[in-house]
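What follows is a single structure, and I will ask about it in a moment.
The values are calculated or read from the model by the stated rules, or taken from the named source; none is laboratory data. Treat the numbers as computed from the prediction; the structure is a model and nothing was measured. Note that each Cβ is placed from the backbone with ideal geometry, even for glycine, and that neighbours are counted across all protein chains shown. These accessible areas exclude ligands, DNA and RNA; they are computed on the full protein's heavy atoms, side chains included. Shrake-Rupley method; radii C 1.70, N 1.55, O 1.52, S 1.80 Å.
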Amino acid sequence: MSATRIDGTALAAQVKAEAAAEVKELVSRGIHPCLAVILVGEDPASQVYVRGKARDCAECGIESRVIRLPESTTQAQLLDRIGELAADESVHGILVQLPLPRQIDEAAIIDAIPPEKDVDGFSPVNVGRMQTGQPCFLPCTPAGCIRMIQSTGVSIDGKRAVVVGRSNIVGKPAALLLLEHNATVTICHSHTQNLAEICAGADILVAAVGRQGFITGEMVKPGAVVIDVGINRGADGKLHGDVDFAAASEKAAFITPVPGGVGPMTRAMLMKNTVQAAARQAK
Ligand code: BQF
């Protein structure tokens, strides 16, 4: 059996088209959605990600402002800059590209973004709201994962979902969203015993480990939906997921590729959050 590939690029185009239509409606009411992206330093991957986000904004009719700050920026300087954007009514979303240089405390920075402009959904208020099922900005990667699973037509309700990885940005919120959709959720991590066995029982397997090929074919249940969040630069210079795609494809019913899977969807969900931020602030 060979799994159906979930095309993240095509699905992202659909989501961005939805966002673009919503932007048009807002613009007709005199609201011009605007996302501010702060990039501190010159990390090559971060620069690529920020350029991609600005391109998505342009595609959706969202204004973007990229604020580039030097690697040597202090925490106080960054907090000042966030304060200005927080007070600027023409800016609806504020995103600080991670990771930040060593001298800056990420938690303190995320804390400084007003929850209503926190389109990454990382601030404590949004995390708390998500945890209790209240309206909030959903973190883009987990929200993208859910949308990709839904695109298969496979219902999440009542299924066994296994999330491998427990980061605050992906693993934990992905597990919470799956739970919200009535899955029975297991979170695995570096200390998990019998990891392969647990994964092999998953109807829905979300891999967010950060290690190329970590999920082997034997760890995939026949007929499973496999969502690969990993983005690893391989020895071949190319991007690879956490899943051994060829082997897993032999077992799964649906599987996301890397590249062209979760990554593009993550970016598309950011556009949705930005539109939502603009709409809410207009009220
Ligand atoms: C693709 C990210 C780790 C740390 C900070 C498309 C992206 C990636 C891959 C992308 C990511 C990862 C982003 C692909 C944004 C996802 O085709 O496979 C898009 O732009 N991402 C980020 O902003 O910060 C990160 C991963």
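Among what's in segment 79-110 and is in contact with a strand residue (DSSP E or B) (Cβ under 9 Å, 6 or more places away or on another chain) and more than 16 Å from the ligand (Cβ to nearest atom), pick the residue that is most open to solvent (accessible area, probe 1.4 Å).
The qualifying residue most open to solvent (accessible area, probe 1.4 Å) is Arg81.
Sticking with this structure for a sec: Only one of (1) outside any helix (DSSP H, G or I); (2) over 21 Å from Leu39 (Cβ atoms) fails for Leu100. Which number is that?
All conditions pass for Leu100, except number (2).
Might you let me know whether segment 238-254 holds any residue that is acidic (Asp, Glu), crowded, with 20+ Cβ neighbours inside 10 Å and more than 28 Å from Phe122 (Cα to Cα)?
yes
Taking only pairs six or more apart or across chains, which ones have beta-carbon atoms under 8 Å, a first residue in segment 162-177 that is touching a residue at least 12 places away in the same chain (Cβ under 8 Å), and a second residue that is of a type in the set (Phe, Trp, Tyr)?
Val164/Phe214; Asn168/Phe122; Ile169/Phe122
Specify which of the listed residues (Glu18, Glu71, Glu22) is part of a helix (DSSP H, G or I) and surrounded by fewer than 17 Cβ atoms within 10 Å (Cβ to Cβ).
Testing whether each residue is part of a helix (DSSP H, G or I) and surrounded by fewer than 17 Cβ atoms within 10 Å (Cβ to Cβ) leaves just Glu18.
Working carefully through the options Val206, Val225, Val220, find the one that is within 13 Å of Arg160 (Cα to Cα), within 16 Å of the ligand (Cβ to nearest atom) and open to solvent by less than 20 Å² (accessible area, probe 1.4 Å).
Val206
Which residues, counting only those in segment 50-61, are within 14 Å of Met271 (Cβ to Cβ), open to solvent by 10 Å² or more (accessible area, probe 1.4 Å) and within 16 Å of the ligand (Cβ to nearest atom)?
Those that are within 14 Å of Met271 (Cβ to Cβ), open to solvent by 10 Å² or more (accessible area, probe 1.4 Å) and within 16 Å of the ligand (Cβ to nearest atom): Lys53, Ala54, Arg55, Ala58, Glu59.
So in segment 244-283, with the set limited to residues that are under 23 Å from the mean Cα position of the chain (by Cα) and of a type in the set (D, E, K, R), which one is farthest from the ligand (Cβ to nearest atom)?
Checked segment 244-283; the qualifying residue farthest from the ligand (Cβ to nearest atom) is Arg280.
Pairs only if they're at least six apart or on different chains, beta carbon under 9 angstrom, first in segment 52-73 and over 20 Å from Ala20 (Cβ atoms) and of a type in the set (Lys, Arg), second open to solvent by 80 Å² or more (accessible area, probe 1.4 Å) and outside any helix (DSSP H, G or I); list them, first residue then second.
Arg68/Glu42
Related question: For Ala86, indicate whether it is of a type in the set (A, V, I, L, M) and in a helix (DSSP H, G or I).
Answer is yes for this residue.
Then there is this: Does segment 25-40 hold any residues that are of a type in the set (Gly, Ala, Ser) and either within 27 Å of Ile227 (Cα to Cα) or surrounded by 21 or more Cβ atoms within 10 Å (Cβ to Cβ) (or both), and which are they?
Ala36
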